[in-house]
1. Going through D248, D205 one at a time, which residue ends up being more than 14 Å from ligand 2 (Cβ to nearest atom) and touching an Asp or Glu at 6+ places or on another chain (Cβ under 7 Å)?
2. Out of (1) touching a helix residue (DSSP H, G or I) at 6+ places or on another chain (Cβ under 7 Å); (2) crowded, with 16+ Cβ neighbours inside 10 Å, what's the single condition that is false for G290?
3. Can you give me the number of residues within segment 48-69 that are crowded, with 18+ Cβ neighbours inside 10 Å and more than 16 Å from ligand 2 (Cβ to nearest atom)?
4. Suppose we filter V7, V86 for residues that are part of a strand (DSSP E or B), at pLDDT 95 or above, surrounded by fewer than 21 Cβ atoms within 10 Å (Cβ to Cβ) and not aromatic (F, W, Y); which single one remains?
5. Where residues in segment 194-207 are crowded, with 17+ Cβ neighbours inside 10 Å and not polar (S, T, N, Q), which of them is farthest from N337 (Cα to Cα)?
6. Of everything in segment 269-297, what is within 11 Å of ligand 2 (Cβ to nearest atom) and within 21 Å of L17 (Cα to Cα)? Give them in sequence order.
7. Of all residues in segment 326-339, count the ones that are within 24 Å of Q125 (Cα to Cα) and either within 15 Å of ligand 2 (Cβ to nearest atom) or surrounded by 14 or more Cβ atoms within 10 Å (Cβ to Cβ) (or both).
8. Output the residues belonging to segment 109-126 that are within 17 Å of R184 (Cβ to Cβ), surrounded by 22 or more Cβ atoms within 10 Å (Cβ to Cβ) and within 9 Å of ligand 1 (Cβ to nearest atom).
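The values are calculated or read from the model by the stated rules, or taken from the named source; none is laboratory data. Quick caveat: nothing in here was measured; it's all calculated off a predicted structure. Cβ atoms come from the backbone with ideal geometry, glycine included; neighbour counts cover every protein chain shown.
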Amino acid sequence: MSIQQQVSLRPFNTFGLHVEAENYAAFTNVEELQSLLRHAKEKKWPLFILGGGSNVLLTQDIPGLTLHNQIKGITAIKEDDQYVWVKSGAGEVWHDLVLWTLNRNWGGLENLSLIPGYVGAAPMQNIGAYGVEIKDTFDHLEAVEIATGAVRTFSLEACRFGYRESVFKHELKGQYIITHVVFRLEKAPTTFHTSYGAIQSTLADMEIKELSIQAISNAVIQIRQSKLPDPKKLGNAGSFFKNPVIADSLFRPLQDNYPDIPHYPLPDEEVKIPAAWLIEQSGWKGKRLGATGTHVKQPLVLVNYGGAKGADIWHLAQQIQAAVNDTFGIQLEPEVNVW
Ligand code: FAD
Ligand code: NAP
């Protein structure tokens, strides 16, 4: 068990923010994690769990123990005529898992190509893109309870996935560390999700004659690379806010005032509105505030132009929230985890 002191987390968060972890340890298996948890309990250290650092905003030095998940390994654990169950260590890079499944022509994760971060964080917010969420292929996960060190299995139902939500962000917040995730994938893919956004037009531009999961993945990668800033070049954590979901009854008067407002009807008489549009209409697209700002192509992405502190980005986020609230009466909720 190796614990280092005063470690800069700059290499470990995609905003590229420098804060120090008072104590830092990486773990590569469940036993190491359990032993670190016992040690932290003796020391009464608070815990911070880090994966790829692509969904966190670090606003201050992190007290206690920062635990960095490095549990690796991807294996097929069972199969039937139609499906194969793939188990991944939580410390695998998400896109490496996607590529591993694509190489075997096992379908289900292709629309989620190129999402940054590790496999273990994916269930935290039920990652989603281009009409697919991990709940669609999720089978179960294994997690260690922080208080006891016990290993527990969570079924699909137990995770209570919602739009960028799970039980781990609410009732069980801060109580479990995810160590392994199992997905159920199609052995001979027949289900393709191409109706969303620019996938179909991109496939046409690529002159794809026969639809395949590899073609969909390539299209998604192409769209993402053209629209989103690469965190290695420009610090960011993807969408900073969730797309607000409001009741139909609140949406209708808004639509009277803004007939062009983009919106997507949801079940239960609710409507999802793209937060990017609200931010743009509130005058914040491409705007800079010191070393921070919103991305010129995608205002939902807040960026670190170099040298920003976490508190600067949080200040920018609050300014945007206030502007959107003043203009539309809608409170944007951060998707990024603020520490
Ligand atoms: P981290 O940032 O390290 O952690 C996120 C949260 O999960 C923290 O609260 C952390 O404590 C907790 N956590 C991490 N690992 C564990 C674990 N093993 N057990 C318990 N808790 C844990 N997200 C989408 O949903 N869809 C997208 O299309 C998308 N696109 C993005 C594009 C860009 C350019 C960027 C930078 C981000 C994007 N994101 C997207 C957000 C982000 O990539 C995902 O949320 C990702 O799953 C975060 O993984 P991570 O390992 O980096 O998590
Ligand atoms: P987009 O395609 O320009 O669409 C804007 C928003 O409208 C999206 O956020 C999406 O909500 C919603 N939307 C679009 N088509 C929809 C449909 N057919 N049905 C329901 N909702 C629809 O979005 P984008 O910014 O380029 O992102 C493309 C995809 O990548 C989206 O799924 C987005 O969530 C994902 N993405 C996520 C992050 C992140 O950090 N979370 C970062 C970049 C991209 P949804 O978000 O619910 O899909």
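1. Values: D205 fails: touching an Asp or Glu at 6+ places or on another chain (Cβ under 7 Å).
After ruling out the rest, the residue left standing is D248.
2. (2)
3. Selection size over segment 48-69: 10.
4. Values: V86 fails: surrounded by fewer than 21 Cβ atoms within 10 Å (Cβ to Cβ).
Residue meeting the stated conditions: V7.
5. L203
6. H295
7. Of the residues in segment 326-339, 9 are within 24 Å of Q125 (Cα to Cα) and either within 15 Å of ligand 2 (Cβ to nearest atom) or surrounded by 14 or more Cβ atoms within 10 Å (Cβ to Cβ) (or both).
8. Result: L112, V119, A122, P123.
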